[in-house]
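A.B. asks: First the structure, which I've put down as structure tokens, then a few questions once you've had a look.
The values are calculated or read from the model by the stated rules, or taken from the named source; none is laboratory data. No experiment lies behind these values; they were computed from the predicted model shown. Positions of Cβ are backbone-derived with ideal geometry, glycine not excepted, and every protein chain shown enters the neighbour counts. Side chains are part of the model used for accessible areas, which takes the heavy atoms of the whole protein and leaves out ligands, DNA and RNA. Shrake-Rupley method; radii C 1.70, N 1.55, O 1.52, S 1.80 Å.
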Amino acid sequence: MSVETRTAETESETVRRILTESGDTWAIVGLSGNRGRDAYRIAALLQRFGKRIVPVHPKAETVHGEQGYASLADIPFPVDVVDVFVNSGLAGAVADQAVAIGAKAVWFQLGVVDPEAYDRTREAGLDMVMDRCPAIEIPKLS
């Protein structure tokens, strides 16, 4: 289904499925120890929601008590969801890497938009949302 034909209902169902059924190990691409970044705050929220976060950043820093990795391919265990905090120009390659490592879903954060990556990721069988934020979506679950 192309981005143009997605319905709000379908998108909401996908958001709910990713947050509640896709699994609890979330690789956060772009997460570093910089407390001023959105990725830092959202990762903490995901932990409070019961998710295991895995920082993915070239610095491979430990963040929120979790070991970081330089790339998705470096993570030595299965990842359920890849949460993308990089700019739109880099996001498509991250989505492709998520497919390659066998993730179940990809989440492009607010402002991260790549319709071609969306279509490729969905065609590969993964759930995907784009230009959304878990901090906004989690409160809607109750």
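A.B. asks: Give the residue from ILE101, ILE18, GLN67 lying farthest towards the positive end of the charge dipole for the chain; charges sit on Cβ (+1 for Lys and Arg, -1 for Asp and Glu) and the dipole is referred to the Cα centre.
C.D. replies: GLN67
A.B. asks: Another question, then. Ignoring ligands, DNA and RNA, please state the percent of accessible area on the chain from carbon and sulfur, probe 1.4 Å.
C.D. replies: Roughly 50 percent of what the probe reaches on the chain is carbon or sulfur.
A.B. asks: Further, regarding this structure: In whole Hz and in residue order, list the ³J(HN,Hα) couplings for segment 80-88 that follow from phi through the Karplus curve 6.51 cos²θ - 1.76 cosθ + 1.60, θ = phi - 60°; x for Gly and Pro.
C.D. replies: Coupling constants for segment 80-88: 8, 10, 10, 9, 10, 10, 10, 5, 4 Hz.
A.B. asks: How fast does segment 93-142 diffuse by Stokes-Einstein, in µm²/s, taking the Kirkwood radius from C-alpha pairs at 4 °C and 1.567 mPa s?
C.D. replies: Reported coefficient: 115 µm²/s.
A.B. asks: Can you list the residues, at least 5 places off or on another chain, whose amide H is less than 5 Å from the amide H of VAL106, using H built in the peptide plane?
C.D. replies: Under 5 Å from the amide H of VAL106 lie the amide H atoms of VAL82, ASP127, MET128, VAL129, each far enough along the sequence or on another chain.
A.B. asks: What is the set of long-range amide H partners of ARG52 at a cut-off below 5 Å, with H atoms built 1.01 Å from backbone N?
C.D. replies: THR25, TRP26
A.B. asks: If the cut-off is 21 Å between C-alpha atoms, which lysines fall inside it for LYS140, apart from same-chain ones fewer than 8 positions away?
C.D. replies: Reachable lysines: LYS51.
A.B. asks: For n ≥ 4 DSSP H runs only, could you compute -39500 (n - 2.57) per run for the chain, divide by its residues and tell me the 222 nm figure to the nearest 500?
C.D. replies: -10500 deg cm²/dmol
A.B. asks: Let me ask something additional. Counting Lys +1, Arg +1, Asp -1, Glu -1, what net charge surrounds ALA44 among other residues with beta carbon under 12 Å of its beta carbon?
C.D. replies: +3
A.B. asks: Within the set of other residues whose C-beta is less than 9 Å from the C-beta of VAL129, count the net charge using Lys and Arg as +1 and Asp and Glu as -1.
C.D. replies: Local net charge: -3.
A.B. asks: Can you give me the long-range amide H partners of VAL63? Hydrogens built in the peptide plane at 1.01 Å from N, cutoff under 5 Å, separation of 5 or more residues or another chain.
C.D. replies: GLY68
A.B. asks: Any idea how far apart GLU116 and ALA44 come out in nm if each label point goes 7 Å out from Cα toward Cβ?
C.D. replies: Those two pseudo-labels are separated by 3.8 nm.
A.B. asks: Please determine, in degrees from 0 to 90 and to the nearest 10, the orientation of helix 8-20 with respect to the longest principal axis defined by the Cα atoms of the chain, where the helix direction is its Cα long axis.
C.D. replies: Taking the Cα atoms of the chain, the angle to 8-20 is about 30 degrees.
A.B. asks: Here is a follow-up. Note the direction-averaged projected area, equal to a quarter of the hull surface, for the Cα convex hull of the chain, in nm².
C.D. replies: Averaging across all directions leaves 7.7 nm² for the Cα convex hull.
A.B. asks: Report ³J(HN,Hα) in whole Hz for each residue of segment 101-106, in order, from the Karplus equation J = 6.51 cos²θ - 1.76 cosθ + 1.60 where θ = phi - 60°; Gly and Pro get x.
C.D. replies: Calculated HN-Hα couplings, in order: 8, x, 5, 8, 8, 10 Hz.
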